[in-house]
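For reference, the structure discussed in these notes is given below.
The values are calculated or read from the model by the stated rules, or taken from the named source; none is laboratory data. In this text, all values refer to a predicted model and were calculated from it rather than measured experimentally. Quick reminder, even Gly has a Cβ in these numbers, built from the backbone with ideal geometry, and neighbours come from all protein chains shown. Note: areas computed on protein heavy atoms with side chains; ligands, DNA, RNA excluded. Shrake-Rupley method; radii C 1.70, N 1.55, O 1.52, S 1.80 Å.
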Amino acid sequence: MTTVKARFDGHVFVPDGPVDLPVGYVLEIPIIRPAANSNSDRPLEELLNLLNQMPANPDWPSDGTAQHDHYLYGTPKKP
């Protein structure tokens, strides 16, 4: 996934920098409102909110948390 920061000028979205896309390229833009205060006292809560906005990965195993050593290091699965 590529992320591009842009600003809405009231009519169109204007990227903050150059974008390497062909003319007429169709894309979807999810709207994520920036935090009101970027110097939050709860940065882990902000991180959790961002993680909850990410789509689930269907290729990730359902026992990934319990069996992380197996998937990271190849150790035998725990019973």
message: Can you tell me which residue is modelled with the lowest pLDDT among those in region 61-79 that are more than 24 Å from M1 (Cβ to Cβ) and out of contact with any Lys or Arg (no Cβ under 9 Å at 6 or more places or on another chain)?
response: P79
- line: Checked pairs for region 39-60, first farther than 23 Å from T2 by Cα, second not polar (S, T, N, Q), C-beta under 8 Å and 6 or more apart or across chains, list as S40/E46
- request: From the list E46, E28, pick out the single residue that is surrounded by 10 or more Cβ atoms within 10 Å (Cβ to Cβ), among the charged types (D, E, K, R) and farther than 30 Å from K77 by Cβ.
  value: E46
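Within region 2-23, identify whether any single residue is in contact with a Gly (Cβ under 9 Å, 6 or more places away or on another chain), surrounded by 10 or more Cβ atoms within 10 Å (Cβ to Cβ) and assigned to a loop (DSSP other than H, G, I, E, B), and answer yes or no. Let's see the steps before the verdict.
From region 2-23, those in contact with a Gly (Cβ under 9 Å, 6 or more places away or on another chain) are 4-5; that's our starting set.
Now drop any that are not surrounded by 10 or more Cβ atoms within 10 Å (Cβ to Cβ), which leaves 4.
After this cut, where a residue has to be assigned to a loop (DSSP other than H, G, I, E, B) as well, the list is 4.
For region 2-23, residues in contact with a Gly (Cβ under 9 Å, 6 or more places away or on another chain), surrounded by 10 or more Cβ atoms within 10 Å (Cβ to Cβ) and assigned to a loop (DSSP other than H, G, I, E, B): present.
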- request: Give the residue that is farthest from I31 (Cα to Cα), with candidates limited to residues of region 49-71 that are of a type in the set (A, V, I, L, M) and open to solvent by less than 100 Å² (accessible area, probe 1.4 Å).
  value: A66
